[in-house]
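The values are calculated or read from the model by the stated rules, or taken from the named source; none is laboratory data. These figures come from a predicted structure and were not determined experimentally. Cβ coordinates were reconstructed from backbone atoms using ideal geometry, including for glycine residues, and neighbour counts include every protein chain displayed.
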């Protein structure tokens, strides 16, 4: 059953005004909230991509609006959805393991039901559903790549990682393009990991490089160092030639901390823009351009 906090009566026309709505569905007898942004260019006669954007531990969908994904959505014509996590020990969380051990919330099931519900209301391109998130939301995106790979075309994590629980149960059914954005001075989710609760970023990348059957050595590209005084510089490491022409990609922010880069902190990249540029290359079958040229 779907419940709308804001009720809109739509006439059967093709064009839609730009809208950002607070909505909810029921899953496992819980009301689960989310914010959805629909670009003004949305045409209900044409399928559009969908981006899931997950907040961090203790966060909320409204706090994720700082990512400016709504603006990217408006310019690139995709729907963006910001789901709300449930409370555990008084804080919102995505049930990915680590300090949430003991939670029994089925967040993967919730997202699957949410995708079903959204697909009833909007013309979603089922081959182009993507997931990203900040911190705990990045962990959630990796969990979806592991456990909902039949629906998620590509994932991107900003300051997130994989828990041992996610890693040990990871069973993706296909190659999945992965983008990891992380700062080397992140003290919340340490770049080098912690054996008790989080994998190192190198371990995460190694898992997806091997799963995707990418080249063992990366191509390296440096971003322009706009602000030399901050002693932060950014590189992109890309492992090419995975199955279905997917890549495993890493934007490493040397000296970067636990932030959504481009919203604040280091401004040499804008995480949301980089994520969409990455997502836009792929659908659930692999690289889109590869299929066109085959």
Sole miss for residue 56 among (1) surrounded by fewer than 17 Cβ atoms within 10 Å (Cβ to Cβ); (2) modelled with pLDDT of 95 or more; (3) closer than 22 Å to residue 109 by Cα is condition (1)
Quick check: is even one residue across segment 244-251 assigned to a strand (DSSP E or B), farther than 22 Å from residue 131 by Cα and in contact with a strand residue (DSSP E or B) (Cβ under 7 Å, 6 or more places away or on another chain)? no
For segment 156-181, the count of residues that are touching a helix residue (DSSP H, G or I) at 6+ places or on another chain (Cβ under 9 Å) and without any contact (Cβ under 8 Å) to a residue 24 or more places away in the chain equals 1
From the set of residues in segment 136-149 that are out of contact with any strand residue (DSSP E or B) (no Cβ under 7 Å at 6 or more places or on another chain) and over 18 Å from residue 247 (Cα atoms), which is surrounded by the most Cβ atoms within 10 Å (Cβ to Cβ)? 139
Considering only residues that are touching a residue at least 24 places away in the same chain (Cβ under 8 Å), within 16 Å of residue 251 (Cα to Cα) and either surrounded by 16 or more Cβ atoms within 10 Å (Cβ to Cβ) or touching a strand residue (DSSP E or B) at 6+ places or on another chain (Cβ under 8 Å) (or both), which ones fall in segment 183-197? 183, 184, 186, 189
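Listed here are the residues, each with its yes/no results for (1) more than 19 Å from the chain's Cα centre (by Cα); (2) not in a loop (DSSP other than H, G, I, E, B).
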position: 142; (1), (2): no, yes
position: 166; (1), (2): no, yes
position: 173; (1), (2): no, no
position: 176; (1), (2): no, no
position: 185; (1), (2): yes, no
position: 209; (1), (2): no, yes
position: 224; (1), (2): yes, no
Restricting the search to segment 207-230, which residues are closer than 12 Å to residue 241 by Cα and in contact with a strand residue (DSSP E or B) (Cβ under 6 Å, 6 or more places away or on another chain)? 209, 212, 214, 215, 218, 219
Checked 130, 122 against criteria (within 19 Å of residue 24 (Cα to Cα) and touching a residue at least 60 places away in the same chain (Cβ under 8 Å)); the one match is 122
Looking only at segment 252-289, which residues are within 16 Å of the chain's Cα centre (by Cα), farther than 15 Å from residue 230 by Cα and not in a loop (DSSP other than H, G, I, E, B)? 271, 272, 273, 274, 275, 276, 277, 278, 279, 282, 283
Among the numbered criteria (1) assigned to a loop (DSSP other than H, G, I, E, B); (2) in contact with a strand residue (DSSP E or B) (Cβ under 9 Å, 6 or more places away or on another chain); (3) over 18 Å from residue 269 (Cβ atoms); (4) in contact (Cβ under 8 Å) with a residue 24 or more places away in the chain, which one does residue 204 miss? (1)
For residue 132, all conditions in the list (1) within 25 Å of residue 251 (Cα to Cα); (2) surrounded by fewer than 24 Cβ atoms within 10 Å (Cβ to Cβ) hold save one; what is the number of the exception? (2)
